[in-house]
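The values are calculated or read from the model by the stated rules, or taken from the named source; none is laboratory data. Worth saying up front: this structure is predicted, and the values here are computed from it rather than measured. Cβ atoms come from the backbone with ideal geometry, glycine included; neighbour counts cover every protein chain shown.
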């Protein structure tokens, strides 16, 4: 008698890649052949109950995970953009992509029960505007941001109903990934291993992708365009230009604390705005190298904590009465994974973050009562 259970081959691949395993590696851990696993992932055969149990144990996902029929959000379309080093390996990138697709599935499922409001991060066609600088200015104006530095970029993006998701990428070679999929708010997955000043520029770089690259994409230009957007968004030319003269290491450190971007970003901005000569720019980079600033700059910028995702989970628990075990079933995760991913230690959050979470929760309550 054939007791094979049908599984969704896409979910098997997703689970395997999210754990950073190749087909031969997973087959070896399951004490089976790669040929068998290859056929399962190709949808050519099901799995026996004991094989499904082994798959679940090795990959640490409940057996229900492999039966999910969700369309993987954004799979097969150019919906992912990165800020990464060229040296990142294909295997690493697949692991990160798989984790992002799984988290995107979670967010999509959670948003079925909660209305967070419409996103104000709307795609614009670059061909209709005079470059990234103008688009950055338009976004700042539409969000009603004041002149000068943005005090909390994460909060500004969340208020515009973008979802910022902190992730441990387990590598410093990928700074962030933005994910824009039909019917979903823009999602920004940021690497928590990087310092706050780098994360702010990275997040703004990904915001540039979300705004500018949904219609027109020139693969040779998109990264420079996203950098130009981020530079103008975080350091508007008309505000910062007078400050980028007579630069010194000491002045750069002061400007870093004011603008909340790295000294390196300020230096590049000064070069692009021609407030320093190419020779002076090179001299600064030599000084940075001698001082070790290319790896770690002095004067850390305070981190910014996302609150929207946490508020959504808290709404399920506190307002809708969900238990952790029920959220685990909803998301097809283990309870331990739910706690690790969605209920990190409260001591990590600062008081200002708790206030921000309360503001989002109040907004969600208004949406439900309305």
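Take residue 91 and decide whether it is under 20 Å from residue 314 (Cα atoms) and surrounded by fewer than 20 Cβ atoms within 10 Å (Cβ to Cβ). The answer is no for residue 91.
Here's the yes/no breakdown for (1) part of a loop (DSSP other than H, G, I, E, B); (2) modelled with pLDDT of 95 or more; (3) within 18 Å of residue 101 (Cα to Cα); (4) assigned by TED's automatic domain parsing to the domain that holds residue 56:
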site: 298; (1), (2), (3), (4): yes, no, no, no
site: 301; (1), (2), (3), (4): yes, no, no, no
site: 314; (1), (2), (3), (4): no, no, no, no
site: 318; (1), (2), (3), (4): no, no, no, no
site: 326; (1), (2), (3), (4): no, yes, no, no
site: 330; (1), (2), (3), (4): no, yes, yes, no
site: 339; (1), (2), (3), (4): no, no, no, no
site: 344; (1), (2), (3), (4): yes, no, no, no
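Looking at 247, 255 in this structure, which one is in a helix (DSSP H, G or I) and within 30 Å of residue 138 (Cβ to Cβ)? Within the list 247, 255, the selection yields 255. Among the residues making up region 1-24, a single one is without any contact (Cβ under 8 Å) to a residue 24 or more places away in the chain, farther than 19 Å from residue 102 by Cβ and touching a helix residue (DSSP H, G or I) at 6+ places or on another chain (Cβ under 9 Å): 24.
Looking across region 278-296 at every residue that is part of a loop (DSSP other than H, G, I, E, B) and out of contact with any helix residue (DSSP H, G or I) (no Cβ under 9 Å at 6 or more places or on another chain), the one that is modelled with the highest pLDDT is identified as 292.
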